[in-house]
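J.: This is the structure I have questions about; it appears just below.
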Amino acid sequence: MTFENLDLLKTQAFIGGDWIDATSGASFVVSNPATGGAIATVTNCDIEDTKKAIKAADAAFKSWASWTAAQRAQILMRWRALLLENAQALAEILTAEMGKPIAEAIGEINYGASYLEWYAEEAKRAYGDVIPSTSPSSRAIVIKQPVGVCAAITPWNFPNAMLMRKAAAALAAGCTMVAKPAEDTPLSALALAVLAEKAGLPAGVLNIVPTTKAADVGLELTTNPLVRKVSFTGSTGVGKVLLQQAASTVKKVSMELGGNAPFIVFDDADIDAAVTGALASKYRNAGQTCVCANRFFVHRSVHDEFISKLSDKVAEFTVGRGDIEGNNVGPLINEAALKKVELLLASALRDGASVLVGGKKHIAGALFFEPTIVTGVRAEMEIASSEIFGPIAPVIVFDDEDDVIADANNTPYGLAAYVYTQNLSRAWRVGEALDFGMVGINEGIISSVSAPFGGVKQSGMGREGSKYGLEDYLEVKYLCMGGV
Ligand code: ADP
């Protein structure tokens, strides 16, 4: 594997503005899911290193918070420019460690960079309030202040954008950060730190601790009293552990957790548009996003047309290594992910579903799975109640609007949902009735820098992106001026 810019390929931790090895001297290998080959050996941080990073972030906080938002914005905009200049090189690293097609990786770099621009601008408008007083001799004023040291724990499926979405908002608001990237994909986070340093970000404002000891480092990040906020993107199970740990010191928390997105196609839908939306929502990133459609509910009267058109398109996908131009479905991240997909499919088939397209490992390599459509699925099957995180579309037939809303909502999760209908009243009605944080109406791609991303129920709390995302990194302070 060759990289365009080797300066971006870092294997040490970034703590207090220095590139350093873990105190234990331990390291771990990052490998390419498409080939199984080693990419780099990265230092393996533990609790001691994490404490050091938290101290560095704490030491940097007062000064960084005292900069004006416009001064911080200048650094963030320089960082953004460097991201865009190095988009190809960053995308190569991302594809190597994560597997997604290079075009999607470039898209992710641009998406990540868009958060820097958005929050550089947005933080200048962190307005407070003057509240009409209840007493003639006092005045009530509200100001917004940065929360303090923030911890970010990020997943492997968007190793650039998930970190940027948190870091851009936090840093723009005046917070400092310690980030723990996923063990499968630390290189993208470290590459971002190289560019942050180049952009002039002061030492300690952003620290990156690569590690395989996620539970130990996570425990320190969620219990150290110097950390004031924890922002996590990952599975609901880990989120619950982190929430419990963060309770011990009453930290603020943002949780972007798992989903089980329904994708509902009504009889009055534009079927071609629904197929286009389904392809984007289901198979992007080989089905490994938390907003991927996880269960398709298709009205009986359009079922055959929908699955016929969808399978024609699915057959056109080219599966293979992400670094080869033109491939549009890459590998799954690791062996465990592949096993999970195989087990869910086997269980659906045992329960009476059948494979329409795909259905097995792909010859491109050990971690590749064929883009798959499964029909004859029922809402209560395991494949329709577990997060698949792979390129399988389970299709369920429905007849009635109320029933499909009830089935769609019958999940502990509430992240994204999708509805296809040409009927305006139905679009409103169903959009409002779905118990999810985000609903795509005649749209399969909903993530955007300007819109609030987040879930309800066990899909989490807090919002990222948009004007709402800044609030999660700001405290409201009330100043009561007496003796007026
Ligand atoms: P996935 O199943 O998609 O890998 P995880 O929730 O396991 O999702 O991983 C998301 C992030 O959470 C990764 O950075 C991972 O290292 C981290 N993580 C996993 N377990 C823990 C834990 N016990 N404490 C803190 N972080 C953890």
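Every read-out reported here was derived from the displayed coordinates using simple, explicitly stated rules and does not represent laboratory data. Predicted, not measured: the structure shown is a model, and the values here were computed from it. Ideal geometry is used to build each Cβ from the backbone, glycine not excepted, and the neighbour counts take in all protein chains shown.
J.: Enumerate the calculated ³J(HN,Hα) couplings along the stretch 470-475 in order (Karplus 6.51 cos²θ - 1.76 cosθ + 1.60, θ = phi - 60°), each rounded to whole Hz, writing x wherever the residue is Gly or Pro.
T.: The phi angles translate into 5, 4, 5, 10, 10, 9 Hz.
J.: Dividing the convex hull volume of the alpha carbon atoms of the stretch 340-467 by its residue count, what do you get in Å³ per residue?
T.: 139
J.: What is the Cα coordinate range of the stretch 281-363 on the first, second and third principal axes, sorted by size from largest, in whole angstrom?
T.: Each principal axis gives a Cα extent; for the stretch 281-363 these are 41, 28, 25 Å.
J.: Can you check how the C-alpha radius of gyration of the stretch 68-121 compares to 2.2 N^0.38 Å, as a plain ratio?
T.: With N residues counted in the stretch 68-121, Rg over 2.2 N^0.38 Å equals 1.23.
J.: So what is the relative contact order of the stretch 91-229, in percent, for Cα pairs below 8 Å that sit 6 or more residues apart?
T.: 25
J.: For the pair Asp402/Arg139, report the inter-label distance in nm, with labels modelled 7 Å from Cα in the Cβ direction.
T.: In this crude label model, Asp402 to Arg139 measures out at 5.7 nm.
J.: Sorting check: for 131-139, 470-478, 292-300, which peptide has the highest mean count of neighbouring beta carbons within 10 Å, and how do the rest follow?
T.: My ranking of the peptides, most packed first, is 292-300, 470-478, 131-139.
J.: Starting from a Cα-only point model with no solvent, please compute log10 I(q)/I(0) by Debye for the stretch 143-291 at q = 0.10, 0.17, 0.22 1/Å.
T.: Reported log10 I(q)/I(0), two decimals: -0.42, -0.95, -1.39.
J.: Given Cα pairs under 8 Å that are at least 6 residues apart, what percent is the relative contact order of the stretch 101-178?
T.: 37
J.: Students often check this: by mean Cβ neighbours within 10 Å, which of 235-241, 39-45 ranks highest, and how do the rest follow?
T.: 39-45, 235-241
J.: Here is a further query. Tally Lys and Arg at +1 and Asp and Glu at -1 over the other residues with C-beta under 13 Å from the C-beta of Asp49: what net charge comes out?
T.: Net charge around Asp49: -1.
J.: Order the peptides 453-465, 90-102 from the highest to the lowest mean number of other Cβ atoms within 10 Å of their residues.
T.: Going by the mean number of other Cβ atoms within 10 Å, highest first, we get 90-102, 453-465.
J.: May I pose another question? For the stretch 103-208, what ratio Rg/Rh do Cα atoms give with a Kirkwood hydrodynamic radius?
T.: 1.13
J.: If you don't mind, there's one more thing I want to ask. Okay, which of the stretch 206-231 sit inside 18 Å, backbone N to the point 7 Å along the Cα-Cβ direction of Glu475?
T.: Inside the label zone: 222-231.
J.: By counting other Cβ atoms within 10 Å of each Cβ, how are Leu424, Leu206 ranked from fewest to most?
T.: With the sparsest Cβ surroundings first, the list reads Leu424, Leu206.
J.: Using helices alone, what [θ] at 222 nm do you get for the chain, with -39,500 (n - 2.57) per DSSP H run of 4 or more residues, divided over all residues and rounded to the nearest 500?
T.: Per the formula, -12500 deg cm²/dmol.
J.: Which angle from 0 to 90°, rounded to the nearest 10, does the C-alpha axis of helix 214-223 make with the longest principal axis of the chain?
T.: It works out to around 50 degrees.
J.: Quick one: angle between helix 271-283 and the longest Cα principal axis of the chain, in degrees between 0 and 90, rounded to 10, please.
T.: Once rounded, one gets 60 degrees.
J.: Over the alpha-carbon set of the stretch 396-484, work out the extent along each principal axis and list the three values in angstrom, largest first.
T.: 67, 24, 23
J.: Here is a follow-up. Output the relative contact order of the stretch 344-484, whole-number percent, from Cα pairs under 8 angstrom with separation of 6+ residues.
T.: Computed value for the stretch 344-484: 14 percent relative contact order.
J.: Return, ordered by residue number, the residues of the stretch 148-183 whose backbone nitrogen is under 20 Å from a label point located 7 Å along Cα→Cβ of Ala214.
T.: 151-167, 178-183
J.: How big is the chain along each principal axis, measuring the range of its Cα positions in Å and listing the largest first?
T.: 71, 62, 39
J.: Here's something else I'd like to know. Which lysines, if any, have their Cα less than 18 Å from the Cα of Lys229, not counting same-chain residues under 8 positions apart?
T.: Partners within reach: Lys51, Lys52, Lys55, Lys62, Lys144, Lys166, Lys180, Lys240, Lys251, Lys252, Lys477.
J.: Please give the net charge around Val253, taking every other residue with its beta carbon less than 13 angstrom from that of Val253, where Lys and Arg add +1 and Asp and Glu add -1.
T.: Here the count lands on +4.
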